[in-house]
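What follows is a set of notes on a single structure, which appears directly below.
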Amino acid sequence: LWQLMKGLKKYRGPGKGKRPVMRCMLIIMEQLLHHVSDIDDLIIWAAVLTAWHFMMRSSEYSAKLTRGQFDLDRVVRVCDVAFFRKGKRTTDYARADEVQITFGKTKTTGGGEVRSHFAAGHHLCVVRALAALFLRRPMKNLKAPLFSWSKNSTRAGAGVRYADILRVVKAAAQAAGQDPTEYASHSLRKGGASQYLISGQCSLEEVRIIGRWKSYKAMEVYIDEAAKDLTRGKQWRVCRGYEDPAIALRKPPRERDFLRWQVRKQVSKIKAQVLSR
């Protein structure tokens, strides 16, 4: 049955992937969320920016289990976040210039990866958003999920749910004149990877490391829509002869003598079996 299902999936071809959340949609989300006056909206806003800038999987920041519960093996907790100022750890969140996150278990690793972002002096800065969250809400339970609801919250679930992220992403897509059905929570991970790549400030390898993809093949679908911008500014150099002469050097492939010997040996064995019958 599984072989049949895999065959049908291969016959139909790959499904249509979700579109990335780009910078303009983040600006719309900020306008949709009352994060200055509503602590729960601030939690959602911080979750959105953290997921986008750190290229996170939904289970790492949202409550995806039944009844809006967190997967505590995977979700980022309060104790997994550290603020720094000039390289030294600090609890003066308002003056922090760096935030570090230590990730839990993922589908490819056992966890423990540390990633950082430095303050950008911008309203879309993840350091600013997380600092505002730590300043406005007490973080007494260090083992609690980072984006759990405040004590007096009337929101459903234990914290920011998959449905909450989905709702704000689709609302931003609608406001931007896009088809909301083409966006989901994973659009944040895809958007962060695409935006950092086409900014020209991050290489493919750097994006892969930041997003914790195991291989380039695994991340292809995430940066596909940004691929068109990879040649930006490159034609100028190509047309003017900026080249490496060694790139055209290529030696002939090694003869596969051993493999051919194995094939001849196997053919001889099959012939002997056929003749003996």
note = Residues of segment 169-199 being under 18 Å from the mean Cα position of the chain (by Cα) and among the hydrophobic types (A, V, I, L, M, F, W, C), in sequence order, are V169, A184, L188, A193, L197, I198
task = Please indicate, with yes or no, whether at least one residue in segment 1-9 is at pLDDT below 85 and under 23 Å from the mean Cα position of the chain (by Cα).
result = no
remark   = Going through segment 136-170 in order, the residues found to be closer than 21 Å to R189 by Cβ, touching a strand residue (DSSP E or B) at 6+ places or on another chain (Cβ under 8 Å) and open to solvent by 90 Å² or more (accessible area, probe 1.4 Å) are none
request  = List every residue pair whose Cβ atoms sit under 7 Å apart, with the two residues 6 or more apart in sequence or on different chains, where the first one lies in segment 53-76 and is touching a residue at least 24 places away in the same chain (Cβ under 8 Å) and the second, anywhere, is open to solvent by 80 Å² or more (accessible area, probe 1.4 Å) and basic (K, R).
outcome  = S58/K64; D73/K105; R74/K105
message = For segment 171-189, give me the residue count where each residue is open to solvent by less than 20 Å² (accessible area, probe 1.4 Å) and of a type outside the set (A, V, I, L, M).
response = 4
inquiry  = Checking the conditions here, which among M55, M29 is open to solvent by less than 10 Å² (accessible area, probe 1.4 Å), closer than 16 Å to A163 by Cα and not hydroxyl-bearing (S, T, Y)?
reply    = M29
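Could you check segment 122-138 and list, in sequence order, the residues that are in a helix (DSSP H, G or I) and touching a helix residue (DSSP H, G or I) at 6+ places or on another chain (Cβ under 8 Å)? Even if it seems obvious, please write down each step before you answer.
Within segment 122-138, the first condition is being in a helix (DSSP H, G or I), and the residues that meet it are 126-136.
Listed by number, the residues that qualify are V126, A129, L130, A131, A132, L133, F134, L135, R136.
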remark   = Filtering segment 81-108 down to residues that are of a type in the set (S, T, Y) and more than 15 Å from I210 (Cα to Cα) yields T90, T91, Y93
key: Residue within segment 172-189 that is touching a strand residue (DSSP E or B) at 6+ places or on another chain (Cβ under 8 Å) and not in a helix (DSSP H, G or I) present   = no
remark   = Condition set among the hydrophobic types (A, V, I, L, M, F, W, C) and closer than 23 Å to C24 by Cβ, scope segment 191-218, selection surrounded by the fewest Cβ atoms within 10 Å (Cβ to Cβ): answer is C202
remark   = Matching residues in segment 214-225 (assigned to a loop (DSSP other than H, G, I, E, B) and free of Cβ contacts under 8 Å to residues at least 24 places away in the same chain) number 1
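When residues of segment 33-47 are filtered for being more than 23 Å from the chain's Cα centre (by Cα), within 9 Å of V160 (Cβ to Cβ) and hydrophobic (A, V, I, L, M, F, W, C), how many remain?
Of all residues in segment 33-47, those more than 23 Å from the chain's Cα centre (by Cα) come to 34-40.
Going one step further and asking which of them are within 9 Å of V160 (Cβ to Cβ), we end up with 40.
Now restrict to residues that are hydrophobic (A, V, I, L, M, F, W, C): none.
Count: 0.
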request  = Considering every residue within segment 42-59, establish whether at least one is at pLDDT below 95 and either in contact with a Leu (Cβ under 6 Å, 6 or more places away or on another chain) or among the small types (G, A, S) (or both).
outcome  = yes
Residue under evaluation R155, criteria (1) touching a helix residue (DSSP H, G or I) at 6+ places or on another chain (Cβ under 8 Å); (2) of a type outside the set (A, V, I, L, M); (3) under 14 Å from M22 (Cα atoms), criterion not met = (3)
remark   = Of the conditions (1) out of contact with any strand residue (DSSP E or B) (no Cβ under 6 Å at 6 or more places or on another chain); (2) at pLDDT 95 or above; (3) more than 16 Å from T91 (Cα to Cα); (4) of a type outside the set (K, R), the single one that A129 does not satisfy is (3)
Considering residues of segment 58-73 that are part of a loop (DSSP other than H, G, I, E, B) and crowded, with 19+ Cβ neighbours inside 10 Å only, the residue nearest to the chain's Cα centre (by Cα) = Y61
ask   = Just checking, how many residues over segment 75-105 are in a loop (DSSP other than H, G, I, E, B), within 16 Å of P145 (Cβ to Cβ) and open to solvent by less than 60 Å² (accessible area, probe 1.4 Å)?
value = 4
message = Just the residues that are of a type in the set (A, V, I, L, M) and in contact with an Asp or Glu (Cβ under 6 Å, 6 or more places away or on another chain), please, taken from segment 76-100.
response = V76
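The values are calculated or read from the model by the stated rules, or taken from the named source; none is laboratory data. Quick caveat: nothing in here was measured; it's all calculated off a predicted structure. Ideal geometry is used to build each Cβ from the backbone, glycine not excepted, and the neighbour counts take in all protein chains shown. We work out accessible area using only protein heavy atoms, side chains counted, and drop any ligands, DNA or RNA first. Shrake-Rupley method; radii C 1.70, N 1.55, O 1.52, S 1.80 Å.
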